[in-house]
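Please read the structure below before turning to the comments.
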Amino acid sequence: MRFREIAAFDVVHAKLEWPWIAFAASGDCLAYASSAKTIATRGLEGERVVEGTSFTLPPDLELDSGLSASEEAGARRAGLTKFSLAKGGALLAVAGIAGDASVVATLDASGERKRVRNDVLLGAGHDVQAIAFDRTGRRLWISAESATETVIALVDVASLEVVGVLRSAPFPRPALHELHVHPKDDAILLLAACGDEGSFARVAGFAGDAVSAVPSALDSGGIAAGFVGFSADAMRVHLAEADELRTHGWPTLDELSSVQFADDFVSSFSGAVLGYDILVDGEDAETGDDVVMRFDVSAIRGTLLPKPAPSGMWAGRLGPDAIVTIQAKGDPVRALVLRRAK
């Protein structure tokens, strides 16, 4: 398997936590900061990657706009902290610190549409850790935490009113939250990387009238792992650990299988599912070269792909057969869209 470059662009990240690119749940468009004031988008148009809607950030939610006014609040950084792109690429949701308030806002090409304070949505003391539009683009999943709890909320995009809220025990801190929209169910996977404590998960679903929690095998934590992707049939979740690919059933996240990576292959805790191929990014422990392992649909039979492998950090999948990588150093950094050669 070989990859060929089909597009490139520069990504500004400043003080943003990873990930620096937001992919729409539809998988065919993405958003990134092209400057401190602008979120740009790219989408697939046939075989080409084309420019999409450009969003101008509100002045108080520009990227890395300094310290918030209240140093007593932990000297939080003011400005943009999280963003998500709706399917079709015409609507953006952002979270950040505006003055002393944690806020969530929606934007379109003409500017800000609506804004709400997070303490109104979830209660005082909660900071947004991740946001993601659902598959329809009509609702927004929000992951937040306080000193005493972790919260998953589903919010109506048009009104920014809460549809439902789930509260659970807090994750060990610091916790890096990632929200992954299920490709077929109206559901979300929250995966939290908690350093030496491992990885924790929450699963939530929306039945059309209520939000409910789905108890999972990773509610109390597991081995540190990164999200690779949902299986082609959307019935499994593939996670990359340091030296194993582990597959969990959906939505209970019960372990279905685990397989060791090849000798001298060290996982980067990332990858992508392209059709029936499960790809895990990593490096050669001896040479430090970028390497990739490919597993078939069984998630058990794997092999090292011939070098050279795509360089940089894997940000995610674009369309059915392309990945996006980002160079690790610099600001801005170069992002590449690499399509699997046919």
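The values are calculated or read from the model by the stated rules, or taken from the named source; none is laboratory data. Because the structure is a prediction, the values reported are computed rather than measured. Using ideal geometry, Cβ is built from the backbone for each residue, glycine included, and neighbour counts are taken over all protein chains shown. SASA here: full protein model, heavy atoms, side chains in, ligands and nucleic acids out. Shrake-Rupley method; radii C 1.70, N 1.55, O 1.52, S 1.80 Å.
Rolling a 1.4 angstrom probe over the protein heavy atoms, how many square angstrom per residue are accessible across region 287-342?
Each residue of region 287-342 exposes 47 Å² on average to a 1.4 Å probe.
What accessible area per residue, rounded to a whole number of Å², is obtained for region 55-214 using a probe radius of 1.4 Å?
Per-residue accessible area for region 55-214 comes out at 40 Å².
What are the semi-axes of the equivalent ellipsoid of region 41-176, taken as the square roots of 5 times the eigenvalues of the Cα gyration tensor, listed largest first and rounded to whole Å?
26, 18, 14
Counting only protein heavy atoms, what percent of the accessible surface of the chain is carbon or sulfur at a 1.4 Å probe?
49 percent
What GluC sites (Glu not before Pro) does region 111-201 have in DSSP loop regions with at most 14 other beta carbons within 10 Å?
Answer in residue order: Glu161.
Along each principal axis of its Cα atoms, how long is region 186-330 end to end? Whole angstroms, biggest number first, please.
Extents along the principal axes, in whole Å: 51, 36, 34.
Would you kindly find the accessible area of Lys15, with a 1.4 Å probe and non-protein molecules such as ligands, DNA and RNA excluded, rounding to the nearest 10 Å²?
Counting only protein heavy atoms, the figure is 130 Å².
Might you tell me the accessible area per residue for region 1-49, computed with a 1.4 Å probe and given in Å²?
Value returned for region 1-49: 45 Å² of accessible area per residue.
If you take every DSSP beta bridge whose two residues both sit in the chain, what share of them, in percent to the nearest 5, is antiparallel?
100 percent
Can you pick out the pairs among Lys87/Lys114; Lys82/Lys184; Lys87/Lys307; Lys15/Lys307; Lys114/Lys184; Lys184/Lys342 whose Cα atoms lie more than 30 Å from each other?
Long pairs (Cα-Cα over 30 Å): Lys87/Lys307; Lys15/Lys307.
What would the Debye equation give as log₁₀ I(q)/I(0) for the chain at q = 0.12 Å⁻¹, counting only Cα atoms as equal point scatterers?
Relative scattering, expressed as log10 I(q)/I(0), comes to -0.84.
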